[in-house]
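S.K.: One structure follows; several queries about it will come next.
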Amino acid sequence: MKNEITPQRLQEWIEKDPKLSALLVEIQEKPISIVKQAELAYHEIPKLIGIPKDNFDENYDPEESVSEFGNDSLYQQLGYINYMNPNADPRGRVLTAAYLVKHNVTVELKDVLQKFKQECNKNCVGIGFVGESIAVKLVFVQENESWFDLGCKMYIPLNQ
């Protein structure tokens, strides 16, 4: 990631925003699983801090997102984070993705592609995103494959 996000940086961000802090405490105190808490955070944080949740909902405005958020969404950044850090606390992954979008910082695509190449030793022509909300996963689309046929909700072509 550009400007590595540390737990301290996230904590400072939360402490500077009393509404965000209150929301996170409210979610954490709910008697539901960590996964359900992450799901709730995924839906509530974007509304509170004014970031796009995903790039395909009816409220997504690409003109606004390109200028203010670099055309990123919580869904997209969470997909990258889920791939890079699949065992991290899902609440932390959601919070990190929200921070990235809010501050116009991104997971480095070159790092994602490097991990894929190390794991699979293949090239891909693009990255697709499948799954709902916090269960978003990346699909590395090979030449002659259709991202749509692979069930992807969105697709990022790679310039090779």
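S.K.: Pairs, please: C-beta under 8 Å, at least 6 apart or cross-chain, first residue among the acidic types (D, E) and in segment 90-117, second surrounded by fewer than 23 Cβ atoms within 10 Å (Cβ to Cβ) and not in a loop (DSSP other than H, G, I, E, B)?
M.R.: Between residues of segment 90-117 that are among the acidic types (D, E) and residues that are surrounded by fewer than 23 Cβ atoms within 10 Å (Cβ to Cβ) and not in a loop (DSSP other than H, G, I, E, B), the close pairs are D111/M84.
S.K.: Filtering segment 28-46 down to residues that are free of Cβ contacts under 8 Å to residues at least 24 places away in the same chain and either β-branched (V, I, T) or not in a helix (DSSP H, G or I) (or both), which residue is surrounded by the fewest Cβ atoms within 10 Å (Cβ to Cβ)?
M.R.: P31
S.K.: When you go through N144, N123 one by one, which is the residue that is in a loop (DSSP other than H, G, I, E, B), open to solvent by 60 Å² or more (accessible area, probe 1.4 Å) and at positive phi?
M.R.: Being in a loop (DSSP other than H, G, I, E, B), open to solvent by 60 Å² or more (accessible area, probe 1.4 Å) and at positive phi holds for just one of N144, N123, which is N144.
S.K.: Same structure, new question: Please find, within segment 85-141, the residue that is nearest to A38 (Cα to Cα) out of those that are over 15 Å from the mean Cα position of the chain (by Cα) and β-branched (V, I, T).
M.R.: Among them, the one singled out is V141.
S.K.: A further question on this structure: Given (1) under 30 Å from E44 (Cα atoms); (2) buried (at least 18 other Cβ atoms within 10 Å of the Cβ), where does L150 come up short, assuming only one miss?
M.R.: (2)
S.K.: Would you point out the residue of segment 6-23, among those that are of a type in the set (A, V, I, L, M, F, W, C) and more than 13 Å from K102 (Cα to Cα), that is farthest from the chain's Cα centre (by Cα)?
M.R.: A22
S.K.: May I pose another question? For segment 126-141, give me the residue count where each residue is open to solvent by 50 Å² or more (accessible area, probe 1.4 Å) and in contact with a strand residue (DSSP E or B) (Cβ under 6 Å, 6 or more places away or on another chain).
M.R.: Residues in segment 126-141 being open to solvent by 50 Å² or more (accessible area, probe 1.4 Å) and in contact with a strand residue (DSSP E or B) (Cβ under 6 Å, 6 or more places away or on another chain): 1 in total.
S.K.: Let me ask you something else. Which one is surrounded by the fewest Cβ atoms within 10 Å (Cβ to Cβ), of the residues in segment 52-107 that are in a helix (DSSP H, G or I) and at pLDDT below 60?
M.R.: E63
The values are calculated or read from the model by the stated rules, or taken from the named source; none is laboratory data. Keep in mind that what you see is a predicted model, and the values were worked out from it rather than measured. Please note: Cβ atoms are built from the backbone with ideal geometry, for glycine as well, and neighbour counts cover all protein chains shown. Heads up: the accessible areas ignore ligands, DNA and RNA and are worked out on the full protein's heavy atoms, side chains in. Shrake-Rupley method; radii C 1.70, N 1.55, O 1.52, S 1.80 Å.
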